[in-house]
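The values are calculated or read from the model by the stated rules, or taken from the named source; none is laboratory data. Nothing here was measured: the structure is a model prediction, and the numbers come from that model. In this analysis, Cβ positions are derived from the backbone assuming ideal geometry, glycine residues included, and neighbour counts consider all displayed protein chains. Areas reflect the complete protein model, heavy atoms only, side chains present, ligands, DNA and RNA absent. Shrake-Rupley method; radii C 1.70, N 1.55, O 1.52, S 1.80 Å.
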Amino acid sequence: MIFHQLLNEESGCLSYLIGCGEAGRAVVVDPGRDRVDEYVRLARKKGLRITQIVETHTHADHISGNRDLAAVTKASIALHRSTKAVFEHATVQDGDEIVVGNVVLKVLHTPGHTPDSLCLLVTDGARASEPWFVLTGDTMFIGDVGRPDLGGAEAAGQLWESLQSSLLRLDDTVEIYPAHGAGSLCGRAMSSKTASTIGFERRFNPALRARSKAEFVDLLMAGLPPKPPSFQTIVGKNLGTLPLELPKPRPYTAREAWEAVSAGGACVLDLRDPATYGDGHVPGALNVWIESPQFGDRVGWFATDGAPLILLTHTPSDIDRALRALARVGVDQV
Ligand SMILES: [Fe+2]
């Protein structure tokens with residue numbers, strides 16, 4: 001088996017390329033929109049063809065790269081059958097097996113974080129007949145579980161059922177690889193470690209300490225962090241019900257920028273460090289330093305109404321970085 005975990009340092013998003021060298025094929029799980037070239041490059045380097053793309057659920061915190069990756073590789077996109085996605089895809093359900101040469105990814109439907117959440121239990125037939133690890137999506141993290149944002153307490157109850165009936169029945173030795181690590185808005189107490197085991201989480205994951213469903217629901221619903229306003233837009237873009245555009249930036253003169261802001265609608269986003277911004281800035285410009293952690297998510301808190309952003313920086317390479325980070329959170333009007 002060929003296994004790669006790809007971490008997006010800025011957002012904490014984790015995606016996976018899993019392949020079989022003998023079969024020369026690979027599946028990509030939860031591709032990020034800003035990493036498509038990387039999956040293609042990696043697969044090529046390993047002599048693999050990406051033939052399938054699987055989403056563990058409809059993401060609300062970042063734009064999926066599934067359609068971009070499918071366009072480049074001709075791979076099919078597999079989603080749980082309860083998905084509301086309107087773009088071309090195949091559906092899978094609990095118990096289905098996705099076979100990539102010696103590697104088998106068994107679908108476990110685990111509703112809770114979202115109704116279409118699934119985990120993938122992976123067995124490498126070249127090593128053993130028993131499962132080696134499980135991709136847990138946003139159902140279980142290292143040190144936390146997914147937030148039940150869409151369905152509130154009812155979804156939290158479903159998450160409890162999913163954990164009890166599938167993940168917590170797995171052997172202690174089975175490894176866990178989630179869809180997010182520290183720095184993500186999708187959980188509260190995620191570790192910066194990006195892998196664990198069922199046994200370790202069973203013993204030490206605070207979210208799994210509840211002894212009853214009611215206790216678990218109370219624990220999950222208490223102190224939920226605020227939901228960024230961009231979540232709804234991102235879900236719409238990931239389902240294909242809202243258009244997915246690519247920013248078409250062009251240079252602005254100071255006068256043009258001033259006129260766009262004065263006319264209303266446009267907003268200047270100053271990417272420079274706070275001290276430089278403090279020394280002098282365009283009146284009304286908002287400052288989100290390009291080096292700040294979760295840059296894209298921070299901008300997503302206010303850039304939700306389609307108002308175009310005009311980026312301002314001293315360093316031209318910051319523009320590309322900002323565009324990638326903003327594309328990841330669905331901010332396309334730049
Ligand atoms: Fe999620």
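Just to be sure before I move on: is L168 open to solvent by 20 Å² or more (accessible area, probe 1.4 Å) and at pLDDT 95 or above in the structure I sent? Answer is yes for this residue. Scanning region 17-38 for residues that are assigned to a helix (DSSP H, G or I), within 19 Å of E88 (Cβ to Cβ) and of a type outside the set (A, V, I, L, M, F, W, C) gives a single hit, R33. Listed conditions (1) among the polar types (S, T, N, Q); (2) farther than 29 Å from F87 by Cα; (3) open to solvent by less than 60 Å² (accessible area, probe 1.4 Å) are all met by S262, apart from (3).
Against the definition (on the phi < 0 side of the Ramachandran plot, more than 15 Å from the ligand (Cβ to nearest atom) and either charged (D, E, K, R) or modelled with pLDDT of 95 or more (or both)), how does E55 come out, yes or no? Don't jump to the end; show me each part of the working.
On the way: on the phi < 0 side of the Ramachandran plot: yes; more than 15 Å from the ligand (Cβ to nearest atom): no; either charged (D, E, K, R) or modelled with pLDDT of 95 or more (or both): yes.
So E55 fails the test.
Sort through L271, L309, L239 and tell me the only one that's farther than 30 Å from E88 by Cα, in contact with a Ser or Thr (Cβ under 9 Å, 6 or more places away or on another chain) and open to solvent by less than 50 Å² (accessible area, probe 1.4 Å). So the residue among L271, L309, L239 that is farther than 30 Å from E88 by Cα, in contact with a Ser or Thr (Cβ under 9 Å, 6 or more places away or on another chain) and open to solvent by less than 50 Å² (accessible area, probe 1.4 Å) is L271.
In this structure, is L323 in a helix (DSSP H, G or I), of a type outside the set (D, E, K, R) and under 30 Å from R209 (Cα atoms)? Spell out the reasoning first.
Numbers: in a helix (DSSP H, G or I): yes; of a type outside the set (D, E, K, R): yes; under 30 Å from R209 (Cα atoms): no.
Answer is no for this residue.
Given the residues G101, G137, G112, which is the only one that is away from the ligand (no atom under 16 Å from the Cβ) and surrounded by 17 or more Cβ atoms within 10 Å (Cβ to Cβ)? Talk me through it step by step, then tell me what you get.
Details: G137 fails: away from the ligand (no atom under 16 Å from the Cβ); G112 fails: away from the ligand (no atom under 16 Å from the Cβ).
Going through G101, G137, G112 in turn, just one is away from the ligand (no atom under 16 Å from the Cβ) and surrounded by 17 or more Cβ atoms within 10 Å (Cβ to Cβ): G101.
Within region 37-49, restricting attention to residues that are open to solvent by 10 Å² or more (accessible area, probe 1.4 Å) and not charged (D, E, K, R), the residue that is farthest from the chain's Cα centre (by Cα) is G47. Somewhere in region 62-71, is a residue more than 27 Å from A325 (Cβ to Cβ) and open to solvent by less than 20 Å² (accessible area, probe 1.4 Å)? No, the conditions are met nowhere in region 62-71.
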